Amino acid sequence: MLQKYSLPEIERRWLVREDRLPSLSGARRREIEDKYVQGGRLRLRSVRAENGETIFKLGKKYPRVGIEAEHVVSVYLSQEEYEVLRALPGAIARKSRYSVEGGALDIYESRHPRPSIFEMEFASEAEAAAYFPPHFAGEEVTFNAQYTGYALAQEAL
């Protein structure tokens, strides 16, 4: 069911083994903290770039219907708004995100073994279906709830 004001997010995700990680020297890096607010599907996010600039967002992913794209909505926040919402109870996942091979390589921090996940976003379902991942991508986990940010944050508790 389409949600008013939301946009489809068409993405695929793969696990990456430590021994398959590409060289990350020279790759753009961002530090991300996601707080999954208890009692719903809201995610509070801070993204700190290498230059120290930080953006804050509040988002919601609506439940996926079958294999259709998830629908998401986001709003940018001031630091003050972010701090107010950060006081809400929830689970936190921290990761380093590297821009590689046209996608995002996320290396989660607080779990051992720490998972590394490569993800790509697409403009259409057809584009997603035709995509062949890079050599370092292993098992696809797009539809595996165990590897959602929410699930990884719960394990970090």
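Only the coordinates and a few stated rules stand behind these numbers; no lab work does. As the structure is a computational prediction, the values presented were derived from the model and not from experiment. Cβ coordinates were reconstructed from backbone atoms using ideal geometry, including for glycine residues, and neighbour counts include every protein chain displayed.
Quick check: from the Cα gyration tensor, does the stretch 5-78 come out rounded (a/c under 1.5), prolate or oblate? Here the stretch 5-78 falls in the oblate category. Using the Karplus relation 6.51 cos²θ - 1.76 cosθ + 1.60 with θ = phi - 60°, the per-residue 3J(HN,Hα) values for the stretch 11-22 come to 9, 10, 9, 9, 6, 10, 6, 3, 6, 9, 4, x Hz, with x marking Gly and Pro. Candidate cross-link partners of Lys4 among the aspartates and glutamates, defined by an alpha-carbon separation under 20 Å and a same-chain spacing of 8 or more, comprise Glu68, Glu70. Length gained on full extension, Tyr62 to Glu139, computed as 0.36 nm times the residue gap minus the Cα-Cα distance: 25.3 nm.
Overall, the chain carries a charge dipole of about 360 debye about its Cα centre when +1 sits on the Cβ of Lys and Arg and -1 on the Cβ of Asp and Glu, all other atoms neutral. Could you work out the local net charge near Leu77, counting Lys and Arg as +1, Asp and Glu as -1, over the other residues with Cβ closer than 11 Å to its Cβ? My count for the surroundings of Leu77 gives 0. Across the chain, Cα pairs under 8 Å and at least six residues apart give a relative contact order of 32 percent. By the compact-protein rule of thumb, 2.2 N^0.38 Å, the alpha-carbon radius of gyration of the chain corresponds to a ratio of 1.04.
Placing unit charges on the Cβ atoms of the charged side chains and taking the dipole of the chain about its Cα centre, the candidate lying farthest along the positive direction among Tyr5, Val84, Leu21 is Val84. Among Ala145, Ala130, Ala104, the largest mean-square fluctuation in a Gaussian network model of the chain, built with springs joining Cα atoms closer than 10 Å, belongs to Ala130.
When the charge dipole of the chain is built from unit charges on Cβ atoms (+1 for Lys and Arg, -1 for Asp and Glu) and taken about the Cα centre, the candidate among Gly102, Ala128, Tyr62 whose Cα reaches farthest toward its positive end is Tyr62.
In the stretch 7-81, which trypsin sites (Lys or Arg not before Pro) fall in coil by DSSP and have 15 or fewer other Cβ atoms within 10 Å? Passing both the DSSP loop test and the Cβ count: Arg17, Arg28, Arg41, Arg64. Karplus-derived 3J(HN,Hα) values for the stretch 86-96, using 6.51 cos²θ - 1.76 cosθ + 1.60 with θ = phi - 60°, are 5, 6, 5, x, x, 10, 10, 10, 10, 8, 9 Hz; glycine and proline are entered as x.
In a simple Cβ point-charge model (Lys, Arg +1; Asp, Glu -1; nothing else charged), the stretch 89-157 has a dipole of about 400 debye relative to its Cα centre. Listed by Cβ neighbour count within 10 Å, with the fewest neighbours leading, Glu18, Glu119 appear as Glu18, Glu119. Dipole magnitude for the stretch 1-76: computed about the Cα centre from +1 point charges on Lys and Arg Cβ and -1 point charges on Asp and Glu Cβ, it is near 180 debye.
Would you tally the net charge around Arg97, using a Cβ to Cβ cut-off of less than 12 Å, leaving Arg97 out, and scoring K and R as +1, D and E as -1? In short, 0.
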